[in-house]
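Below: the structure, in structure tokens.
The values are calculated or read from the model by the stated rules, or taken from the named source; none is laboratory data. Everything quoted here is computed from the prediction, not taken from an experiment. Methodologically, a virtual Cβ is constructed for each residue, glycine included, from the backbone with ideal geometry; neighbour enumeration extends over all protein chains shown. Heads up: the accessible areas ignore ligands, DNA and RNA and are worked out on the full protein's heavy atoms, side chains in. Shrake-Rupley method; radii C 1.70, N 1.55, O 1.52, S 1.80 Å.
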Amino acid sequence: MKPSIVIVSLGPGDPDLLNTKTIKAIQNAASLVLRTAQHPIAAWLERNNICYTSLDNLYDNAEDFDTLNKEIVMYLHRLSSCTDVVYAVPDASSDHTVRSVLAELSEKADITVIPGLSSYDMYLSSSLPFLSDYAVTSVSASDFLLTSY
């Protein structure tokens, strides 16, 4: 049986904006891993006595983001070989560590992504009344670094 990794989006940090699937995954996690405890949801987890591990130490020790992504993938792979893992990130759809996990571990583990509300969704929806044209295109700033013109 393949190891299991469930990736959840924590969103902008308001626990009331978490979807039911995400809350269930977090509450039932054998091992909950936060990409960073520097996220507002960490305080909510602590208030609700939900144990987690963060990867902040990997951030602190990584030379660059490529190295960090590789270390996160290795960590999650090792951990998932022992227990089911829920990996929590602010926004799974734009997180580079999630892309690395999917690219490197999709054949080695059963990976499920539970989408959630992103900060982008929250802020865009609150600004719609001020936009004259609702056709909005979003591009990650990091994508500009990867594109040559």
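One residue alone among N48, N19, N28 is in contact (Cβ under 8 Å) with a residue 60 or more places away in the chain and open to solvent by 30 Å² or more (accessible area, probe 1.4 Å), and that residue is N19.
For the residues D64, D56, the requirement of being open to solvent by 40 Å² or more (accessible area, probe 1.4 Å) and closer than 17 Å to T97 by Cβ singles out D64.
Exactly one residue among V89, V33, V85, V101 is closer than 14 Å to V6 by Cβ, in contact with an Asp or Glu (Cβ under 7 Å, 6 or more places away or on another chain) and open to solvent by less than 60 Å² (accessible area, probe 1.4 Å), and that residue is V89.
Would you confirm whether or not the stretch 19-26 contains a residue that is basic (K, R) and either at pLDDT below 95 or in contact with an Asp or Glu (Cβ under 8 Å, 6 or more places away or on another chain) (or both)? For the stretch 19-26, residues basic (K, R) and either at pLDDT below 95 or in contact with an Asp or Glu (Cβ under 8 Å, 6 or more places away or on another chain) (or both): absent.
Comparison of S126, S138 shows that the only residue that is surrounded by fewer than 19 Cβ atoms within 10 Å (Cβ to Cβ), at pLDDT 65 or above and not in a loop (DSSP other than H, G, I, E, B) is S126.
Looking across the stretch 93-109, the residues that are more than 26 Å from L17 (Cα to Cα) and either touching a strand residue (DSSP E or B) at 6+ places or on another chain (Cβ under 6 Å) or not in a helix (DSSP H, G or I) (or both) come down to S106, E107, K108, A109. For the stretch 71-79, state whether one or more residues are closer than 23 Å to S4 by Cα, out of contact with any strand residue (DSSP E or B) (no Cβ under 8 Å at 6 or more places or on another chain) and exposed (fewer than 14 other Cβ atoms within 10 Å of the Cβ). Yes: one or more hits.
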